[in-house]
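Please treat every number below as a calculation from the coordinates, not as lab data. Bear in mind that the values here come from a model prediction, so they are computed numbers and not experimental data. For neighbour counting, all protein chains shown are included, and Cβ atoms are generated from backbone atoms with ideal geometry for every residue, glycine included.
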Amino acid sequence: MEKNQLENSQNALDNAELLFRAEEVETAISEMSRSITNELSESNPLVLPIMIGGLVLAGRLIPQLNFPLQIDYIHATRYRGTTNGSELNWLKKPEKSIKNKTVLLIDDILDEGITLAAIVEYCREAGAEKVLTAVLAEKILEQDKPIKNADFTGLTVPNKYVFGYGMDYYEYHRNIAGIYALKE
């Protein structure tokens, strides 16, 4: 099964459309860091990358946030290696206290927003004073989403299956420097 997924993922990459080159993505991340710094530099936030997709963005973004902050992480998923979501599965909740904190959630993409909305709600129920979201990509969708827009967004992408810079295709290509879309 894994060999087929590897072959399918390579085929998908070979036939994908490049939406954003690495330089364009890095520029967007730098712009996000400036916006986040303007908003949060005095708040001593708790930064929570959402695994696994938020890992790459967090690694590029957090070093550009030149103010006091704490870092933990959160891992909840609906996909489990597939391209269709199901019920939310919590793999790790933060160990640091969220109570009375400003929380910045970092994720790869705001797609349908179901997972991100559940994580935001978890943070609020855990007593966060303020919860903000930062995503590398926000997908343009026709339907309503539980989270209409992220607080900080790097790029917008069309309503296509996208991967690269943390976003995966069957658990592959998160490490690709650039954002690609499957051709229809």
GluC sites (Glu not before Pro) restricted to region 1-104 and DSSP loop, no more than 14 other C-beta within 10 Å: E42, E87, E95
Percent of beta bridges antiparallel (DSSP, the chain, rounded to nearest 5): 35
Ranking of T102, T156 by count of other Cβ atoms within 10 Å, fewest first: T156, T102
Viscosity 1.002 mPa s, 20 °C: Kirkwood-radius Stokes-Einstein D of the chain over Cα pairs, µm²/s: 128
Amide proton proximity set for A137, modelled H, under 5 Å, gap of 5+: I109, L110, G154, L155
Label point at N100 placed 7 Å out along Cα→Cβ; residues across region 30-64 whose backbone nitrogen lies under 16 Å: 43-46
Unsatisfied cross-links (Cα-Cα over 27 Å) in the set K99/K139; K3/K160; K96/K130: K99/K139
Selection of trypsin sites (Lys or Arg not before Pro), region 106-162, meeting DSSP coil and at most 16 other Cβ within 10 Å: K148, K160
The chain: angle of helix 2-14 to the longest principal axis, Cα-based, in degrees nearest 10: 90
Amide H contacts under 5 Å for G178, placed H, 5+ residues apart: Y165
Residues R124 and A177, FRET efficiency given R0 of 41 Å [Cβ-Cβ distance, rounded to 0.05]: 0.75
Residue-wise HN-Hα coupling along region 131-146, computed from phi with Karplus coefficients 6.51, -1.76, 1.60 (Hz; x: Gly, Pro): 10, 10, 10, 10, 10, 5, 10, 10, 7, 7, 10, 7, 7, 5, 10, x
Order of I140, I176, I52 under a 10 Å beta carbon neighbour criterion, fewest first: I140, I52, I176
Least to most buried among L6, L104, L13, L65 (fewest other Cβ within 10 Å first): L6, L13, L65, L104
Nonlocal amide H pairs with L104, under 5 Å, H built at 1.01 Å: L46, V47, L48, L132
Dipole moment magnitude, nearest 20 debye, the chain about Cα centre, only Lys, Arg, Asp, Glu C-beta charged: 440
